[in-house]
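Okay, structure first, notes after.
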Amino acid sequence: MEETSSTQPLLSPSRYVDLRGTRSSTSLSSSSFVADEADIKPIRNVGDFFAAFLLESKKLWYLAAPAIFTTVCNYSLGAITQVFAGHVGAIELAAVSVENSVIAGFSMGLLLGMGSALETLCGQAVGAGQPGMLGIYMQRSWVILNTTSLFLMFFYIFAAPLLKLIGQESEIAEAAGTFAVWMIPQLFAYAFMFPQAKFLQAQSKMAAMAVIGAVALVLHTVFSWLLMLKLGWGLVGAAVVLNSTWWLIVVAQMLYIVSGSCGRAWSGFSGKAFHNLWEFVKLSLASALMLCMNILGWTIMVSIGFNAAISVRVSNELGAAHPATAKFSVLVATVTSFLVGIVIALVLIIARKQYPNLFSNSTEVKQLVYSLTVTLGINIVINSIQPTLSGVAIGAGWQAYVAYVNVGCYYFFGIPLGLGLGYAADMGVSGIWDGMLAGTALQTCILFWMIYKTNWNKEACIAGDRIKQWGGTVDLPKETDVENEAR
């Protein structure tokens, strides 16, 4: 093979290693980095900007729309179970609600956060045209998340005393504790499903996930009615259907993966999944710490969709040595999510005299909701932007840094300020909310600053080094395969 020129794209196969094994890998500094020729061309006028903006918007919505739909379907499973539980009895409703929001909610947030480590590694490998390690990454994540689930299982087993310890009524705590034990299979479904979802998401296989989610939701609704109400199984029926639905999603996604639909990204089970686990654990923990503090702040499903979409776009483009495209994608996603947040906030403010009727017939409750509408509107705007910026961080691999930012903004600023305003300043609920909102706003500003100061050429170099570090060069495709895929 001829000597590689200095202008060769960073992530082309021969940049890492000669396919005949005659050239060792090299890395570049950001100053010597040369972007791939497919990177976005300089924007010279308004017409160029809007044309590029429209093209990038199509790519983002192609990813975001099915991600939003899938999220709605998955999060609706627990809500539907709660609806049917309400028709069984008040205690059953409380048990399902507490288990969903406290026990399963905490576990889901932790495992989803840990699984998001795959978004960086898989996304950048796909962008580099080197998907051979994606299956290994997913299997490593399975090992780590299932190990974590073994420890979380004790949270389910001892749910009843833990709930009593935090002040839950004894009867509800006992019922929720029993239901939590029955829901342990769902915990391990999370451990398999979240890595699979990130594996598929990195390859833009969102439509397949959406179809699986829709079918699962329909079946879940039908069988919840049949077992919980028609056959009178109550909470037992709820557990059977909810566990079965999550495992149906796991099995369906896995069948799609092994069917050949993912090409070289899945090459079968491998012992390599047990290699380099500690580094993977550290990235997973940083991802969990970063994401778990934000998941409860996602007030609208659009934010979740854009978080997933921009993560894929940034990781793919950095992996493909397209720093300018990655940077422009961040701009488009941020502007779009901001405009969506503004529209929703304006609708709430305009309808502030009508929508409180949805919450209660109490005059006092209506007045409280009415008085908090402006704060809610600001919260929606900020929480429309913040998940998008977090998605940028995931795509670029900044989980550890953002985890520190989150801890500082929430625990050392937002929560103390909220408690001070709520109790010391006697502002009540409004003060607590204002404090937490200030913490989120500070976090958003810091993320803005980090992104503004980012050297995207350097990030593309780091992405190349990361792919080599995590084994992306061990299973390179043939040059003819790369050329065929490009066509």
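Would you tally the net charge around THR373, using a Cβ to Cβ cut-off of less than 10 Å, leaving THR373 out, and scoring K and R as +1, D and E as -1?
+2
Using a 1.4 Å probe and counting only protein heavy atoms, arrange TRP233, TRP278 so the residue with the most accessible area comes first.
TRP278, TRP233
Quote the charge dipole size of the stretch 106-244 about the Cα centre in Debye, to the nearest 20; the model charges only the Cβ of Lys and Arg (+1) and of Asp and Glu (-1).
It works out to roughly 340 debye.
Not counting ligands, DNA or RNA, and with a 1.4 Å probe, what is VAL236's accessible surface area in Å² rounded to the nearest 10?
Its heavy atoms expose roughly 70 Å² to the probe.
With a 1.4 Å probe and every protein chain kept in, tell me what percent of the accessible surface of the stretch 80-119 is carbon plus sulfur.
69 percent
From largest accessible area down, sort SER371, SER57; use a 1.4 Å probe on the protein chains.
My answer, sorted largest first, is SER371, SER57.
Can you pull a Stokes-Einstein diffusion coefficient for the stretch 86-221 at 37 °C (0.692 mPa s), Rh from Kirkwood over Cα pairs, as a whole number of µm²/s?
Result for D is 200 µm²/s.
Quote the accessible area belonging to HIS275 in square angstrom, nearest 10, computed with a 1.4 Å probe and with ligands, DNA and RNA left uncounted.
The accessible area of HIS275 comes to roughly 100 Å².
Quick one: order ILE304, ILE249 from most to least accessible surface, probe 1.4 Å.
So, going from the largest accessible area down, we get ILE304, ILE249.
Kindly report, to the nearest 10 Å², the accessible surface of LEU277 as traced by a 1.4 Å probe over protein heavy atoms only.
Its accessible surface works out to 40 Å², give or take rounding.
The values are calculated or read from the model by the stated rules, or taken from the named source; none is laboratory data. Quick caveat: nothing in here was measured; it's all calculated off a predicted structure. Note that each Cβ is placed from the backbone with ideal geometry, even for glycine, and that neighbours are counted across all protein chains shown. Only protein heavy atoms, including side chains, enter the accessible area calculation; ligands, DNA and RNA are left aside. Shrake-Rupley method; radii C 1.70, N 1.55, O 1.52, S 1.80 Å.
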